[in-house]
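Trainee: Take this structure first; my questions come after.
Just so it is clear, none of the values below were taken in a lab; they were calculated from the coordinates. This structure is a prediction, so every number in the text was calculated from the model and none was measured. Virtual Cβ from ideal backbone geometry, glycine too; neighbours counted across all protein chains shown.
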Amino acid sequence: MEELTNLVVEECGKTYGEAKAEVLKSAELTEFACSMPQLLSAEFMEVSNGVECKEERYPVGVVASISPFNFPNMVPNWTLPNALVLGNTMILKPSELVPLSANRIAELLTEAGLPKGVFNVVHGARETVEAICDNPGIDAISFVGSTKVAKIVYKRGTSNLKRVLALGGAKNHLIVLPDAHVKMTGSNVAGSMSGCAGQRCMAAASMLAVGDVEHIIDEVCNEARKIIPGENLGAIISAEGKTRIENYITEAENDGAKILVDGRNAIVKGKENGFYVGPTVIDFVTPDMRIANEEVFGPVLSILRVENIDKAIEIENSSKYGNAAAVFTQSGGAATFVAKNVSAGMIGVNIGVPVPREPFAFGGWNESKFGVGDITGRSSIEFWTKTKKITTKWNPESQVNWMS
């Protein structure tokens, strides 16, 4: 636990607590994979007099998993335990920015007795991904990363007749109603915005403030100010990432938005050359601003003020993404209305990061996912296996029918 946690901290810049939570989630994913034999009993039915049908599952074959920088331990474990337990052999291509965790996972699996060649790690950037998409010996590909690259991988992989499941980016909206619990909402929204330095596809990107929620906005800002770079806020993955995030903030300010909490130019003592952006809360963002539509991938929350819940849902559903959405309210009716009407694959009610626990699957809608099914949970069984249907008739004396 300590070794894997420290590797994530070293290569990704997360806080120790975030890194440990990631490794613990990997353990949960592995535990679920170990339960899969109990989920795979063959379907069997007598479909006609003396005629039986059954369905069996078989591995797809050689599969590949292309994972991002932001969860160097957890995202590989979204795929490798399930794929291996279901009988496949896997090639993992981690982000070139975080090679350490992937290598150690491979070493630990070897030490645990996994046969040679069942799990393999390859490193590289674009050319390696292209080789995976083009290689005729690879039967299926999973991908997690930006929507731009997810589209490319999906199109290239499927054009080579592979099954592909590609998860892309997000622009998650948290709808906050006036009756929301102030303390819980403030801490949840701030934590969702800043966790993992905002470098996660489940981060709160926009808060849709419905009506008079000034008291809740104040609480969000109070909670955001408690989040200190280098203490309980990790680093941005690169200098380019830091610059990109700060440019979004500056552009929004120039376009008329108001900076309530400013995380630009953050300096951490003893780590003056580190890439840090402090928590940032921006009010009076309008739907036409770039920051309201594009994935910032940093600890930045945009507040869009709307007059009613219908307008909030309209803004959420106008996004090309559809990973997650949340609503903060004490009204069961309002919560149900939002959950049924927002166009997103994962919904939170008073939860800022609505990641499902196993066996429920992780997966978004719209341009947050390309392909059929989800990457974890029961849904992943369909992706990592193929079915064989066997129809049997033993009684030759039975009358001739359509099954003959």
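Trainee: Mind checking which lysines have their C-alpha under 28 Å from residue 183, skipping anything on the same chain fewer than 8 residues away?
Mentor: 14, 20, 25, 171, 226, 258, 311, 340
Trainee: If neighbour count is taken as other Cβ atoms inside 10 Å, put 291, 228 in order from fewest to most.
Mentor: 228, 291
Trainee: Of all DSSP beta bridges located in the chain, what percent are antiparallel, nearest 5?
Mentor: For the chain, the DSSP antiparallel bridge percentage is about 35.
Trainee: Filter the GluC sites (Glu not before Pro) in segment 221-256 to those in DSSP coil with at most 16 other Cβ atoms within 10 Å of their Cβ, and list the result.
Mentor: Here the sparse-neighbourhood loop sites are 231.
Trainee: Give me the angle, in degrees from 0 to 90, between the Cα long axis of helix 147-159 and the longest principal axis of the Cα atoms of the chain, rounded to the nearest 10.
Mentor: 20
Trainee: How high is the relative contact order of the chain, given as a whole-number percent (alpha carbon pairs under 8 Å, six or more residues apart)?
Mentor: Contact order relative to length: 19 percent.
Trainee: Can you work out the PRE-style zone for residue 395? Point 7 Å along Cα to Cβ, and I want the residues of segment 32-52 with backbone N under 20 Å.
Mentor: From segment 32-52, the list is 44-52.
Trainee: Please list, short to long, the whole-number percent of alpha-carbon pairs of the chain in consecutive 10 angstrom bins beginning at zero.
Mentor: Calculated P(r), rounded to whole percents: 5, 21, 29, 23, 13, 5, 2, 1, 0.
Trainee: I would also like to ask the following. About the Cα centre of segment 269-322, what is the dipole size in debye to 20, counting +1 per Lys and Arg Cβ and -1 per Asp and Glu Cβ, all else neutral?
Mentor: Charge dipole, segment 269-322, about its Cα centre: 320 debye, nearest 20.
Trainee: What percent antiparallel are the DSSP beta bridges of segment 192-306, to the nearest 5?
Mentor: 25
Trainee: Where both residues lie in segment 1-125, what percent of DSSP beta bridges are antiparallel, nearest 5?
Mentor: 40
Trainee: For residue 127 and residue 231 in one chain, what is 0.36 nm times their gap in residues minus the Cα-Cα distance, to one decimal in nm?
Mentor: Taking 0.36 nm per residue and subtracting the Cα distance, the gain is 33.7 nm.
Trainee: Could you give each residue of segment 18-34 its phi-based ³J(HN,Hα) in whole Hz, using Karplus coefficients 6.51, -1.76, 1.60 with θ = phi - 60°, and x for Gly or Pro?
Mentor: Along segment 18-34, the couplings run 5, 5, 5, 4, 5, 5, 4, 5, 4, 5, 4, 4, 5, 4, 5, 4, 5 Hz.
Trainee: Right, another one. Relative to the Cα centre, what is the charge dipole magnitude of the chain, using +1 at the beta carbon of each Lys and Arg, -1 at the beta carbon of each Asp and Glu, and rounding to the nearest 20 debye?
Mentor: Here the size comes out at about 800 debye.
Trainee: Specify the angular offset, from 0 to 90 degrees and rounded to the nearest 10, of the alpha carbon long axis of helix 214-225 from the longest principal axis of the alpha carbons in the chain.
Mentor: 80
Trainee: If you don't mind, there's one more thing I want to ask. How far is helix 239-254 tilted, in degrees, relative to the longest principal axis of the Cα atoms in the chain, given as a value from 0 to 90 rounded to the nearest 10?
Mentor: 50
Trainee: Now, a different point. Of the options 309, 359, 102, report the single residue whose Cα projects farthest towards the positive end of the charge dipole of the chain (beta-carbon charges: Lys, Arg +1; Asp, Glu -1).
Mentor: Checking the options against the dipole of the chain, the answer is 102.
Trainee: Shifting gears a bit: Between residue 337 and residue 360, what's the calculated FRET efficiency when r is the beta-carbon distance and R0 is 25 Å? Round to 0.05.
Mentor: Once the sixth-power term is evaluated, E becomes 0.70.
Trainee: How many times 2.2 N^0.38 Å is the alpha carbon radius of gyration of segment 1-88?
Mentor: 1.55
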